[in-house]
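See structure below.
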Amino acid sequence: EAVMEISNILNYLLKQARISEAELARQINIPRATINRLVSGRTPDPRASTLNAIAQFFNVSVDQLLGKQPLYIGLNHSVIA
């Protein structure tokens, strides 16, 4: 299920980037509650604009964020120094 997929992937990306949900929300200008719902798997149908902003921030595709394509470690812009 896509909902579970995105929460797992988002949790992973947050850990890799060593940032909090609040920091991600601030960086991409999306309400913290929205990020929290995604991370906890409570958003059945996230907006395309939300997905695009998150994907862009982490330098991954929306398909990768949704688990439709594999996520390769090292794509994260804050991991590549």
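The values are calculated or read from the model by the stated rules, or taken from the named source; none is laboratory data. These numbers were taken from a predicted model, which means no experiment stands behind them. Positions of Cβ are backbone-derived with ideal geometry, glycine not excepted, and every protein chain shown enters the neighbour counts. Only protein heavy atoms, including side chains, enter the accessible area calculation; ligands, DNA and RNA are left aside. Shrake-Rupley method; radii C 1.70, N 1.55, O 1.52, S 1.80 Å.
Is there any pair linking a residue in the stretch 36-54 that is on the phi < 0 side of the Ramachandran plot and small (G, A, S) to one that is surrounded by fewer than 17 Cβ atoms within 10 Å (Cβ to Cβ) and part of a loop (DSSP other than H, G, I, E, B), with Cβ under 9 Å and at least six apart or on different chains, and which? Short answer, once both residue conditions are applied: A53/N29.
Every test in (1) open to solvent by 80 Å² or more (accessible area, probe 1.4 Å); (2) in a helix (DSSP H, G or I); (3) at pLDDT below 90 is passed by Q27 save one, and that test is (3).
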